[in-house]
Amino acid sequence: MSDKLVIAIDGPSGSGKSSVSKAVARHYGLEYLDTGAMYRALTWYCLDTQVNTEDAAALVAAARSFPYVQGTSPDEEIIEVGGVDVREAIREPRISEAVSVVASNMDVRQILIDLQRDFIARAKAGIVAEGRDITTVVAPDADARVLLTASEEVRLARRGLQLGGTQNSEQLAAQVSARDAKDSKVTSFTEAAEGVALVDSSELNFEETIAAVIEAVEGQLKR
């Protein structure tokens, strides 16, 4: 293992991977990368510029040109498109409903995967990268790889709290269950691949989940 530490964390919607990944990054003094934000930001850009999301070629062109800026501090979220702060906008229901169409375009995925790998390569001390295919596609050679999951009931409840009760049960189901079903067609994030540690947080609170993930990371680093 080099002096640079790379930790990859995958998981389905509502598993708590973003909050936990930030905490793990703070614990190790690393940068943090939310790869899901890239797909959401690109979706926002396509809708904002009236790109037809059903036009595969148009999506690829948008992915190649969209003016994206993302910070990597676990303590300060920076997500901008063309100088516009889109941190809140990319969490809106209309983005959640459209993002799977964008994320399921394999050429678009490759463009964003290359961007994600560039972020990882440029992280000086190291980075915690989280998403859906980090452990298997983006960074399969990471120093530690973890799949964080939880039961569907727990994930729906957590996503509802995360969104502050702004969405009804149908919208939550679309965000969590339906999107996972769509995205699972292009990437595997429901079962741990060989060499990936599995952490089920269904019965754990936030602090216990952080501790469990750190324990899994330490176990892999010792190997």
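Annotations for the structure displayed:
- Taking amide H atoms as placed 1.01 Å from N in the peptide plane, the amide H of Val6 lies under 5 Å from those of Ile127, Asp143, Ala144, each 5 or more residues away in sequence or on another chain.
- Accessible area of Val84 (1.4 Å probe, protein heavy atoms only, ligands and nucleic acids ignored): about 70 Å².
- Charging the Cβ of each Asp and Glu at -1 and of each Lys and Arg at +1, and nothing else, the dipole of the stretch 1-145 about its Cα centre rounds to 260 debye.
- Placing a label point 7 Å from the Cα of Asp107 along the Cα-to-Cβ direction, the residues of the stretch 63-80 whose backbone N falls under 11 Å of that point are 63-64.
- Within-12-Å neighbourhood charge of Val137 [Cβ basis; K, R +1; D, E -1]: 0
- Extension gain, Arg26 to Leu221: 0.36 nm times the residue separation minus the Cα-Cα distance gives 68.5 nm.
- Amide H contacts under 5 Å for Gly131, placed H, 5+ residues apart: Ile9, Asp10, Gly11
- Separation of alpha-carbon centers, the stretch 1-32 and the stretch 48-83, rounded to whole Å: 22 Å
- Proximity of backbone amide H atoms, modeled 1.01 Å from N, is registered between Tyr32 and Ser73, Val128 at under 5 Å, excluding neighbours fewer than 5 places apart on the same chain.
- When the surface is traced with a 1.4 Å probe over the full set of protein chains, Glu54 keeps roughly 140 Å² accessible.
- Modelled label positions at Glu191 and Asn205, each set 7 Å beyond Cα in the direction of Cβ, lie 3.4 nm from each other.
The values are calculated or read from the model by the stated rules, or taken from the named source; none is laboratory data. Just so we're clear, the structure is a prediction, and the values are computed from it rather than from any experiment. Don't worry about glycine lacking a Cβ; one is built from the backbone with ideal geometry, like all the others, and counts go over all protein chains shown. Areas reflect the complete protein model, heavy atoms only, side chains present, ligands, DNA and RNA absent. Shrake-Rupley method; radii C 1.70, N 1.55, O 1.52, S 1.80 Å.
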